[in-house]
Amino acid sequence: MADSDRIDHREGGFPNIGQPALRALKGVGVTSLAQLTAWRAVDLDALHGMGPKGVRLLAEALAQAGLSFRVT
C-alpha cells in the first residue's frame with residue numbers, strides 16, 4: 001500500500017488502530033468516533049479487517065469521550 005493510500009486515524013477522532021480496521025470503518029461509512037454510537041461492538045467485530053483489539057481500542061476511545069457502543 002502506498003503512503004498516499006493510508007487513512008489517517010486522527011481524522012474523525014479515531015485511536016491509533018490498524019489500517020485494515022480503518023478501511024473497514026470507512027467501507028461502512030463510519031467517518032467519526034461519534035458515529036460508532038450507532039453500532040454494536042459485536043457488529044463491528046464482524047467486519048472484515050476489524051479485530052478484537054480494534055474494537056477494544058475504539059471502546060476505550062468512546063469511553064474517554066463519554067460515549068459507548070449501542071447496546072441493543
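No lab work stands behind these numbers, since they all come straight from the coordinates. On a predicted model such as this, the values are computed, not experimentally measured, just so you know. Neighbour counts run over all protein chains shown; Cβ positions are idealised from the backbone, glycine included.
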For the stretch 13-72, with only Lys/Arg (+1) and Asp/Glu (-1) charged at the beta-carbon, what is the dipole magnitude about the Cα centre, in debye rounded to 20? 80 debye
When the chain is treated as a GNM, springs tying every alpha-carbon pair under 10 Å, which of GLY54, GLY29, GLY12 comes out with the largest mean-square fluctuation? GLY29
Using Cα springs under 10 Å in a Gaussian network model of the chain, which residue among ALA21, ALA46, ALA59 shows the largest mean-square fluctuation? ALA46
Helix 52-64 vs. the chain, principal-axis angle (Cα, 0 to 90°, nearest 10): 60 degrees
Over the chain - Rg/Rh using Cα atoms and the Kirkwood inverse-distance radius: 0.94
Which of VAL42, ALA21, HIS9 sits closest to the plus end of the dipole of the chain, meaning its Cα is farthest towards the positive end, when Lys and Arg get +1 and Asp and Glu get -1 on the C-beta? VAL42
